[in-house]
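Q: Before we start, here is the structure in question, set down as structure tokens.
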Amino acid sequence: MLNWDVQDVRKYKDKPFDFNEELDLKKELMERSEDIIDVGIAKVDGQLFNDNGLVISDIKVETMVTMPSTRSLEPVELPLKFRINEAYNIDDIDTEELDENTIIIPIDDEHPTIDVYESVLDNILLNIPSRVLTEEEASGKNMPAGKNWEVISEEDYNKQKEEDKQVNPEFAKLKNLFKDNKEKE
């Protein structure tokens, strides 16, 4: 279940503690996010290193998450593949001298366990992109449209903007029409 007692991990001072699991996280992830349609088995492969009061994790996670397209709500399968690197402070050492980008997780004194399972759940949710598109939507085809409206690409928008800047020659003549009236005032 990817939870280890701190005492068990302390035994691995000279060599890393390796683990390789396949987890069914569908229920937990769908409870945390109502947008998730489906979740495949998560392959979790990692190591814990005991380093002078810190346990450093290096974990690779691979899974498939199905989400609705943010444009059409069509289901989109998202392959997720990422790494998790965290440090668990098992001996309550001073961490001020560590790199500011290092994520330090304190250990509960009453239940001294290293909970990689929760970290995997959290990081899967963090790695889901905020913009999810089908292949057709991502290629720019199939832009949504309705009666008197349509979604256009940013490129098309900029092109329209440039065309609007070009003044119609008929209106250019009218530009100076009221110039004399302003001078009289």
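The values are calculated or read from the model by the stated rules, or taken from the named source; none is laboratory data. Small disclaimer: the values here were computed from a predicted structure and weren't measured. Here the Cβ positions follow ideal geometry from the backbone for every residue, glycine too, while neighbour counts run over all protein chains shown.
Q: Just one of the numbered conditions (1) on the phi > 0 side of the Ramachandran plot; (2) touching a residue at least 60 places away in the same chain (Cβ under 8 Å) is not true of Leu73; which one?
A: (2)
Q: Any idea which of Val9, Val61, Val120 is of a type in the set (A, V, I, L, M), farther than 30 Å from Ala138 by Cα and touching a residue at least 60 places away in the same chain (Cβ under 8 Å)?
A: Val9
Q: Hey, could you check the range 112-137 for residues that are at pLDDT 85 or above and assigned to a loop (DSSP other than H, G, I, E, B) and say which is farthest from Pro68 (Cα to Cα)?
A: Asn127
Q: Touching a Leu at 6+ places or on another chain (Cβ under 9 Å) and over 18 Å from Asp122 (Cα atoms) - does that describe any residue in the range 61-69?
A: Initially, the range 61-69 is screened for residues touching a Leu at 6+ places or on another chain (Cβ under 9 Å), giving 61-67, 69.
Filter once more, so that each one left must be over 18 Å from Asp122 (Cα atoms): 69.
Yes.
Q: Also, quick follow-up: Of everything in the range 20-34 that's surrounded by 13 or more Cβ atoms within 10 Å (Cβ to Cβ) and free of Cβ contacts under 8 Å to residues at least 60 places away in the same chain, which residue is farthest from the chain's Cα centre (by Cα)?
A: Checking each candidate, the answer is Glu21.
Q: Can Asp109 be described as modelled with pLDDT under 85, touching an Asp or Glu at 6+ places or on another chain (Cβ under 9 Å) and on the phi < 0 side of the Ramachandran plot? Lay out the reasoning, then the answer.
A: Working: modelled with pLDDT under 85: yes; touching an Asp or Glu at 6+ places or on another chain (Cβ under 9 Å): yes; on the phi < 0 side of the Ramachandran plot: yes.
For Asp109, the condition - modelled with pLDDT under 85, touching an Asp or Glu at 6+ places or on another chain (Cβ under 9 Å) and on the phi < 0 side of the Ramachandran plot - is met.
Q: Separate question: Can you work out which of the residues in the range 37-87 that are of a type in the set (Asp, Glu) and at pLDDT 95 or above is nearest to Asn3 (Cα to Cα)?
A: Across the range 37-87, the extreme among qualifying residues is Asp45.
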